[in-house]
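As structure tokens, the structure follows; a few thoughts come after it.
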Amino acid sequence: MYVIYNIVPHKFSIVFAIAFPATFLNILAGQNGFISAFLLGLGLLLLESNPYLAGLIMSFLIYKPHLGFLLVIALIAGRKWKTLISASLITSILVICTIFLFGLESWQAFYETLKIFKQFGEAGNLQWHIMPTIFPAARLLGLNVIMSYSIQVVVSIVAIIAVIWMWSRTKGPLAYVALICGIFLVTHYPMHYDLVIFGLAIAWYANDGIKRGWLKGELPFLLYAWSIPGIYILALVIPCLTYIQVLPLTITTFLFLTLRRQAVFLKYDK
């Protein structure tokens with residue numbers, strides 16, 4: 001709630017954050033979506049004012065490396081060297097500490113677990129209907145593993161290019177929105193409880209809209225994007241809805257609107 005209020009300093013922002021369907025998804029799952037969102041959100045908030053502290057905070061996302069992969073690319077594209085150095089240093093220290101305390105076997109076990117997780121994901125043992133990403137969405141449509149991975153790769157490349165374009169040309173809210181959308185598009189490992197992170201993108205986009213005005217269709221879509229995680233709640237309790245997988249398309253559209261908004265306001269700024 002602290003992060004959301006600092007993104008959108010409005011009395012109703014906390015209400016929207018509490019009522020956000022992804023909040024209930026994380027509570028129902030008893031998972032770590034709040035921690036991930038806090039680390040990423042606070043790190044981005046501090047990126048300009050205290051880059052070294054931002055890097056320290058972001059380094060703790062190592063507990064979910066798939067969430068930090070695109071962040072590294074974004075920091076390089078945005079030439080955020082202080083944050084990148086800080087995050088790299090603290091991450092290295094954390095890895096060395098875990099090896100010292102638990103032995104190298106702990107990382108070997110982690111690697112083996114990733115292979116098992118990959119096999120489970122391909123076979124559908126990870127419940128594709130609660131994974132709001134491209135690969136499981138393609139598998140739910142009946143596509144085979146190779147086709148699904150092919151679509152995932154294409155979408156990932158497009159998302160990476162979009163994030164690099166945004167971070168190399170601008171700083172602030174819209175760049176953060178593009179990054180968060182990209183996180184859900186470049187990897188198929190995020191689960192439904194990770195959608196708490198998606199709430200950060202909605203908040204930053206809303207704040208930018210409040211400050212600079214709305215373009216056509218943005219506000220209705222933003223309300224739709226805020227409500228769409230509710231489908232995943234229904235999918236958990238109503239079997240006939242378990243094959244609904246609309247969030248990958250929603251996030252892709254959100255990324256497109258972010259790029260459009262950036263292009264429009266860059267034109268106005270000139």
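Looking at the square roots a ≥ b ≥ c of the eigenvalues of the Cα gyration tensor of the range 1-129, which shape do they give, rounded for a/c under 1.5, prolate if a/b is larger than b/c, or oblate? Before the final figure, lay out the partial values.
Details: a/c = 2.09, a/b = 1.13, b/c = 1.84.
Judged from the Cα gyration tensor, the range 1-129 comes out oblate (a/c at least 1.5, b/c at or above a/b).
At 0.36 nm per residue, and after removing the present C-alpha to C-alpha distance, how many nm does the segment from E112 to V264 gain when stretched out fully? Mind dumping the intermediate values first?
Working: separation 152, 0.36 × 152 = 54.72 nm, distance 4.64 nm.
Value of the extension gain: 50.1 nm.
Could you work out the Rg to Rh ratio of the chain, with Rh taken as the Kirkwood radius (inverse of the mean 1/r over all Cα pairs)? It would help to have the intermediate numbers written out before the result.
Details: Rg = 18.4 Å, Rh = 19.2 Å.
A ratio of 0.96.
Taking each full run of DSSP H in the chain as one helix, which ones are at least 15 Å long along their axis (Cα atoms) and have mean Kyte-Doolittle hydropathy of at least -1.0? The partial results should precede the final answer.
Numbers: long enough: 33-45 (18 Å, 2.22); 65-77 (18 Å, 2.28); 81-102 (31 Å, 1.93); 105-123 (27 Å, -0.48); 145-169 (36 Å, 1.81); 173-186 (20 Å, 2.46); 195-212 (26 Å, 0.84); 247-269 (32 Å, 0.70).
What comes out of the filter, once short or polar helices are dropped, is 33-45, 65-77, 81-102, 105-123, 145-169, 173-186, 195-212, 247-269.
In the range 61-163, which trypsin sites (Lys or Arg not before Pro) fall in coil by DSSP and have 12 or fewer other Cβ atoms within 10 Å?
On the way: sites: R79, K80, K82, K115, K118, R139; in loops: R79, K80.
Those that pass, being in a loop and sparsely packed, are R79.
I'd like to know which of I161, F24, I197 lies farthest towards the positive end of the charge dipole of the chain, counting +1 on Cβ of Lys and Arg and -1 on Cβ of Asp and Glu.
Checking the options against the dipole of the chain, the answer is I161.
What does the C-alpha gyration tensor say about the overall shape of the range 23-64? Classify as rounded when a/c is under 1.5, otherwise prolate if a/b is larger than b/c, or oblate. Before the final figure, lay out the partial values.
On the way: a/c = 5.47, a/b = 2.24, b/c = 2.44.
It is oblate, given that a/c is not under 1.5 and a/b is not larger than b/c.
Rounded, prolate or oblate, given the Cα gyration tensor of the range 147-210, with a/c below 1.5 counting as rounded?
Numbers: a/c = 3.18, a/b = 1.37, b/c = 2.33.
It comes out oblate by the Cα gyration axes.
For the chain, what is the mean residue ellipticity at 222 nm derived from helices alone (per DSSP H run of n ≥ 4: -39500 (n - 2.57); sum divided by total residues; nearest 500 deg cm²/dmol)?
Working: 15 runs with 203 residues, N = 270.
After summing the helix terms and dividing by the residues of the chain, the value is -24000 deg cm²/dmol.
Quick check for me: using +1 on Lys/Arg Cβ and -1 on Asp/Glu Cβ, what's the dipole size of the range 28-150 about its Cα centre, in debye to the nearest 20? Don't skip to the end; give the middle numbers.
Numbers: 7 positive and 4 negative charges, 47 e Å.
Charge dipole of the range 28-150: 220 debye, to the nearest 20.
Given a 1.4 Å probe, how much area per residue of the range 96-236 is accessible, in Å²?
I get 47 Å² per residue for this part.
Determine the dipole magnitude for the chain: charges of +1 sit on the beta-carbon of Lys and Arg, -1 on that of Asp and Glu, nothing else is charged, the reference point is the Cα centre, and the result goes in debye to the nearest 20. Walk me through the intermediate numbers first.
On the way: 17 positive and 8 negative charges, 173 e Å.
With only Lys, Arg, Asp and Glu charged at Cβ, the dipole is about 840 debye.
For a quick protection proxy, order the peptides 147-153, 131-137 by their average other-Cβ count within 10 Å, most packed first. Intermediate results must be reported in sequence, preceding the final value.
Working: 147-153: 16.6, 131-137: 25.1.
By packing density, highest mean first, the sequence is 131-137, 147-153.
Which percent of Cα pairs goes in each bin when the distances of the range 81-223 are cut into 5 angstrom slices starting at zero?
2, 8, 12, 14, 17, 16, 15, 10, 4, 2, 1, 0
For T253 and I14 in one chain, what is 0.36 nm times their gap in residues minus the Cα-Cα distance, to one decimal in nm? Before the final figure, lay out each step's value.
Values: separation 239, 0.36 × 239 = 86.04 nm, distance 2.53 nm.
Between T253 and I14, full extension yields 83.5 nm more.
Would you mind checking the range 59-90 for residues with the amide N under 13 Å from a putative spin-label position 7 Å along Cα→C-beta of T98?
Of the residues in the range 59-90, 59-68 have backbone N under 13 Å from the label point off T98.
The values are calculated or read from the model by the stated rules, or taken from the named source; none is laboratory data. Everything numeric in this text was worked out from a predicted model, so none of it was measured. Glycine also receives a Cβ, built like all others from the backbone with ideal geometry; neighbour counts cover every protein chain displayed. When the accessible area is computed, the model is the full protein with side chains, heavy atoms only, and any ligands, DNA or RNA have been set aside. Shrake-Rupley method; radii C 1.70, N 1.55, O 1.52, S 1.80 Å.
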